[in-house]
Amino acid sequence: MAEPLLQTVGLDAFYGDFQALFDVSVRFDEGEVVAIIGANGAGKSTLMRSITGLLGNCPEMVRHRGAPIGGLRADQIARLGIAMVPEGRQLFPSLSVEENLVIGGQVGRPGPWSLKTVYQLFPILGERRTQASTSLSGGQQQMVAIGRALMANPDLILFDEISLGLAPTVIKSIYEALPGIISTGVGAVVVEQDITKALGVSDRVYCLQEGRLSLEGSPASLTREDITRAYFGL
Amino acid sequence: MEWINSIVQGILVGGLYALFAAGLSLIFGVMRLVNIAHGDLIVFAAYLALTTITMTGVHPLLALLIVVPVMGLAGYALQRTILNRTLGDDILPPLLVTFGLSVILQNALLEIYTADPQKLNAGSFETQSLSIGGGLNIGLFPLLMFATAVLVIGGLQWVFYHSAIGRAFRATSDNQDVAQLMGLNKAHVYGLAMALSLAVVAIAGVFLGIRTSFDPAGGPGRLIFGFEAVIIGGLGNLWGTLAGGVILGVSQTIGAKIHPGWQLLAGHIAFLLVLAVRPRGLFPRIDDERG
Amino acid sequence: MSAVSGYRVVRSSTASRIAAGVAVVLIVALVAAPWWAGRADMRLMSELFLYLALASTWNLLAGYAGLVSVGQQAFVGFGGYILFALAIFAGVHPLVAVPLAGIAAAVVAMPVALLIFRLRGAYFAIGTWVVAEVFRLIFAQVASLGGGSGTSLPVGIVKAIARNRSAREAATYWMALGAVALVIGFVWLLLRSRSGLALTAIRDNERASAGLGIDIWRTKFLVYVASAGLTAAVGALIFLQKLRISPDAAFNVNDWTAFVIFIVVIGGIGTIEGPILGVLVFFLLRETLADLGTIYLMILGAVAIVIMLKAPKGLWGTFAARFDLELFPVKHRVVAEKE
């Protein structure tokens, strides 16, 4: 079997003395969509921060195509082709919409995504390209955040709770854009509290519960009971 | 007419104060660091120019070609070796480390150059003036100083809002975690910001040295002028800093006209007045709540 | 294994009890100094006491209230000048003028605080420096106190302290000892009180403490005013000993701010014991290195930088954190009681 695009091997993560993740092993292969579900505080964002390098780890615990990257800086990991749409959007307030997108392309990796194709995906952004990024609606900001991650032409995109704080119709339209993104061959990790959305879009799913992996499998093979049990730790 | 001449002089020296302030403001904007050694670095640049001139015999303004890059490199090194380690939520480390730096710089200069006041000699250019009818005289050198300040501030604005590195500065300042997700190495970005700041400090130092005599203990006074210009003008606004410098300069020359010993005091009083009445400065950036 | 039958809350520990015993012996010895110490030693000890008093006050300001001031020399000089003014123009007895100078400074500090509290963080620090500069420039204009070159304390006033020289030296020594004991005592009792708890909370996490309902602004304001008063009283004592004052000496950044900061940083910010250790280290360094002049100052600066980067809690702070030591009991501890 080929090396996974990205995997964690027995990942332990700490915030000071507090341990947030216990022996978490997940894998993401090229081009697949994996969902990570779990309640608030289960460790989903910690897992994302560990993978992207915002949280330091032992080098061997996070591997990119077999190579240990756990000790690398976040900007080094970004240059390897791993991009994140952060929880809460976190656009740069001092930058305009277009500048946010341009800075997403800072890593300079070649690929199908550019300002032109991002504006094709989200036309409304093209209309508001010079506006301050934070003057847009929540859904539009989410589009900017996604576009910003796409501009890096990554091999793997991490979507961290993209439905948080958005109206259902907005969430629906954002998830409708997802297939268009994934069809270009980029792998995706979808972190969600909304189980239905996550299961509907993914090939495989992991469930985290209080820092531990409680379930893994394909959406088709898992029952509602399995998931509820794993989610709440019952 | 004498009064008008004084006010014009005050306006022009305001350009120098704006130069003192620009580097300070830049660093605070990008990384929330206030460099207590800023004034001492300005004086250090003047001494660097002095040594350059002594060794090569060039005109002080030409010495800029050497002093600016050297200070820029020194700024990058300083940031990456020492100052990056002080950044974080606690305000004490950067303050105390730069304070220690200030003491080291002052005493190093004292040790190398002694306490004798020095001056950079720019020749007759220093005293030439332009006569604009009605008894109004404008010194050519002060005019150049002011024009340089305008150019530098304009240049910094351009860098900040129209260049890739400026984008990196703004992004890193907004959210350093997410900036790293964009592939920006924040240690490097901060290093570049300090390099730019000290490049401006170099320009300020050379102009200071030509305009007046300087000595190793002159740093704190320059830091205070720069700081007052920033506060009067308003945080986060470089053009405001120019206005702040001008107001400071004019206050000082008016004060001096009333009574020779009141020059510095008049400037401080203007600063305290603005602080009392408009604590955020006269032209603050609307979205800048940071202080 | 014995069961825990209950618990009690105490404030002292073995370490603090031992320290208390040592302190009593020490204080007795120090009070008796005029009988066993020589003149030069007494002067040195006075200087040490006064520096310790300044350092403890600065530590209260910066280490607990989070107000980093590089302008305390404003109040040192102010205290000195008010002492001279009261003694020379109002005929006040110098020893009475010392606390009066402190009170005057506290009053002046109130409008000053209102102004500079509009600045935050490092900008506040530079603001305090500007205030010191303003004080210096103003006092340099007062011709009756010597203007820019300063003045000396008239002989008559000097004699009013005590009739002969050794009595005077004992008197000023005891005042210095009394001052530092008062300052440290004040700081300790303050930190033990409710206000002190508020301060410690602010030191540890300002935002969280605001969430708990602690009036941050008021607490900081009171600490700033109290510090100004204490600093000025010490300043008055300093210049009473020197017998001479001038704007440059009174408002000298190096003497009254740089050295004080180094003492606190090296000893340990945010602890009562830190400045005590710091002042001992500082005087040791001074006695051994001061001949080096500027190099000595550069070494001080470098040491401060290294400590800030490698051991930001200072010598005492790092040591005490390791072993959870406290010589001045402030913290409440829960002690389990066994059956």
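For the range B:15-217, report the translational diffusion coefficient in µm²/s to the nearest whole number, using Stokes-Einstein at 25 °C, 0.890 mPa s, and a Kirkwood Rh over Cα pairs.
Numbers: Rh = 17.9 Å.
This corresponds to a translational diffusion coefficient of 137 µm²/s.
Of the residues A:210, A:192, A:161, which exhibits the maximal mean-square fluctuation in a Gaussian network model of chain A defined by a 10 Å Cα contact cut-off?
A:210
Choose one of A:64, A:137, B:52: the residue whose Cα lies farthest towards the positive end of the charge dipole of the protein assembly as shown (beta-carbon charges +1 Lys, Arg; -1 Asp, Glu; about the Cα centre).
Going by the charge dipole, the pick is B:52.
Please get the size of the charge dipole for the range C:4-338, origin at its Cα centre, with Cβ charges of +1 on Lys and Arg and -1 on Asp and Glu, quoted in debye to the nearest 20. If you can, show how the numbers build up before the last one.
On the way: 27 positive and 15 negative charges, 122 e Å.
Roughly 580 debye for the range C:4-338.
Run through the range C:281-314 and list the trypsin sites (Lys or Arg not before Pro) located in a DSSP loop whose Cβ has at most 14 other Cβ atoms within 10 Å. Could you put the intermediate results ahead of the total?
Numbers: sites: C:286, C:310, C:313; in loops: C:313.
Passing sites in the range C:281-314 do not exist.
Quote the charge dipole size of the protein assembly as shown about the Cα centre in Debye, to the nearest 20; the model charges only the Cβ of Lys and Arg (+1) and of Asp and Glu (-1).
1740 debye
In the protein assembly as shown, with Lys and Arg counted as +1 and Asp and Glu as -1 at Cβ, which of these residues, A:92, C:266, A:108, has the Cα nearest the positive end of the dipole, that is, farthest along it?
C:266
Between residue C:306 and residue A:218, what's the calculated FRET efficiency when r is the beta-carbon distance and R0 is 41 Å? Round to 0.05.
Values: r = 57 Å, r/R0 = 1.39.
Computed FRET efficiency for residue C:306 and residue A:218 comes out at 0.10.
In debye to the nearest 20, how big a dipole does the range B:15-217 give about its Cα centre with +1 on each Lys and Arg Cβ and -1 on each Asp and Glu Cβ?
Numbers: 8 positive and 9 negative charges, 81 e Å.
Once rounded to the nearest 20, the dipole reads 400 debye.
At R0 = 51 Å, how high is the FRET efficiency between residue B:165 and residue B:269 if r is their beta carbon distance? Nearest 0.05 is fine. Please list the in-between numbers first.
On the way: r = 39 Å, r/R0 = 0.76.
About 0.85, to the nearest 0.05.
What is the diffusion coefficient of the range C:235-279 in µm²/s, taking the Kirkwood radius over Cα pairs and the Stokes-Einstein relation at 10 °C with a viscosity of 1.306 mPa s?
Using the Kirkwood radius from Cα pairs, D works out to 138 µm²/s.
Which value in deg cm²/dmol, rounded to the nearest 500, describes the helix-derived mean residue ellipticity at 222 nm for the protein assembly as shown, given -39,500 (n - 2.57) per DSSP H run of n ≥ 4 and division by the residue count? Walk me through the intermediate numbers first.
Working: 36 runs with 528 residues, N = 864.
Mean residue ellipticity, 222 nm, calculated: -20000 deg cm²/dmol.
Please build a GNM for chain C, connecting alpha carbons under 10 Å apart, and tell me which residue among C:20, C:233, C:179 fluctuates the most.
Of C:20, C:233, C:179, the Gaussian network model singles out C:20 as fluctuating most.
Given a 10 angstrom Cα cut-off, can you work out which residue in B:215, B:116, B:174 is the most mobile in a GNM of chain B?
B:116
Can you compute the FRET efficiency between residue C:289 and residue C:255 using 1/(1 + (r/R0)^6), with r the Cβ-Cβ distance and R0 = 22 Å? Round to the nearest 0.05. Don't jump to the answer; show the numbers that get you there.
Values: r = 16 Å, r/R0 = 0.75.
Efficiency for this residue pair is about 0.85.
So how far, in whole Å, is the C-alpha centre of the range A:56-79 from the one of the range C:200-251?
48 Å
Can you pick out the pairs among C:220/C:331; A:44/A:116; B:119/B:257; B:186/C:220; B:186/C:313 whose Cα atoms lie more than 28 Å from each other?
Details: C:220/C:331 21 Å; A:44/A:116 33 Å; B:119/B:257 25 Å; B:186/C:220 34 Å; B:186/C:313 26 Å.
From the list (C:220/C:331; A:44/A:116; B:119/B:257; B:186/C:220; B:186/C:313), the Cα-Cα distance tops 28 Å for A:44/A:116; B:186/C:220.
Please report the projected area of chain C's Cα convex hull averaged over all directions, in nm². Mind dumping the intermediate values first?
Working: hull surface 80.2 nm².
Result: 20.1 nm².
Express the Stokes-Einstein translational diffusion coefficient of the range C:207-303 in µm² s⁻¹, to the nearest whole number, given a Kirkwood radius over alpha-carbon pairs, 10 °C and a viscosity of 1.306 mPa s. Please list the in-between numbers first.
Numbers: Rh = 15.8 Å.
Using the Kirkwood radius from Cα pairs, D works out to 100 µm²/s.
Is the C-alpha gyration tensor of the protein assembly as shown telling us rounded, prolate or oblate? Criteria: a/c under 1.5 is rounded; beyond that, a/b larger than b/c is prolate, otherwise oblate.
Details: a/c = 2.46, a/b = 1.38, b/c = 1.78.
Oblate shape, in that a/c is at least 1.5 and b/c is the bigger or equal ratio.
Under the definition of Cα pairs under 8 Å and six or more residues apart, what whole-number percent is the relative contact order of the range C:4-338? Numbers along the way, then the final one.
Values: 483 pairs, mean separation 116.9, N = 335.
With pairs under 8 Å counted, the relative contact order is 35 percent.
Over the range B:201-291, what lengths in whole Å, largest first, do the semi-axes of the equivalent ellipsoid take, defined as the square roots of 5 times the eigenvalues of the alpha-carbon gyration tensor? Please list the in-between numbers first.
On the way: eigenvalues 108, 62, 22 Å².
Equivalent-ellipsoid dimensions as semi-axes: 23, 18, 10 Å.
Taking each pair of different alpha-carbon atoms in chain A once, compute 1/r for the pair, average those values, and report the inverse of that mean as the Kirkwood hydrodynamic radius in Å to one decimal.
On the way: mean 1/r = 0.0557 Å⁻¹.
Its Kirkwood hydrodynamic radius stands at 17.9 Å.
Put +1 on the Cβ of every Lys and Arg and -1 on every Asp and Glu Cβ in chain C; which of C:284, C:317, C:210 then has its Cα farthest towards the positive end of the dipole?
C:210
Computed from the coordinates by the stated procedures, all read-outs in this text should not be read as laboratory data. This structure is a prediction, so every number in the text was calculated from the model and none was measured. As a convention, Cβ positions derive from the backbone with ideal geometry for all residues, glycine included, and neighbour counts pool all protein chains shown.
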